[in-house]
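Since every read-out is calculated from the coordinates, none of them should be taken as a lab result. Treat the numbers as computed from the prediction; the structure is a model and nothing was measured. Cβ placement follows ideal geometry from the backbone for every residue including glycine, while neighbour counts extend to all protein chains displayed.
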Amino acid sequence: MCGSSRQGPRLVRDCAIRIGLGSEETATTIVCAEETLRGWLAELHRLSNPHEQIAAHRKLHDRIEFFAAWLVLPWDSDAADRFIRLRRDGVRVGTMDLKIACITLAHDATLLTRNTGDFAKVPGLKFENWLD
């Protein structure tokens, strides 16, 4: 699962509750962690006032603790090989989304996403939308 608070706090909370009630192991991908951390690092870089950086550092800290508590699936040779094959086969999905899909495929997992349009283009990928 790659979470984002852009969906709204209630939807994210409802999804988190559903995950907590599930019997299957939940995980995220290193690509989701990369995207999230990159965003907070960019925000910190944009802020020059040390006092304005306090909230951004707190949120970065919270995200690091969040990811530390989850199983984070790696980008490995299996995922990279799948990525190369899917690109060669003409699958037209953004690079980061395709990396997430390849990690999910490599672990025979189900991806939780709102982006069903793009992920539907990835052959064999299992996904569900729990936020609508």
Of the residues in the range 98-129, those that are over 14 Å from the mean Cα position of the chain (by Cα) and in contact (Cβ under 8 Å) with a residue 40 or more places away in the chain come to His107
Looking at the range 85-97, which of the residues that are of a type in the set (Lys, Arg) and free of Cβ contacts under 8 Å to residues at least 24 places away in the same chain is surrounded by the fewest Cβ atoms within 10 Å (Cβ to Cβ)? Arg88
What's the number of the condition Val72 fails, among (1) among the hydrophobic types (A, V, I, L, M, F, W, C); (2) out of contact with any Leu (no Cβ under 9 Å at 6 or more places or on another chain); (3) in a helix (DSSP H, G or I)? (3)
Do you know which residues across the range 80-105 are assigned to a helix (DSSP H, G or I) and either in contact with a His (Cβ under 8 Å, 6 or more places away or on another chain) or farther than 18 Å from Glu35 by Cβ (or both)? Asp81, Arg82, Ile84, Arg85, Leu86, Arg87, Arg88, Leu105
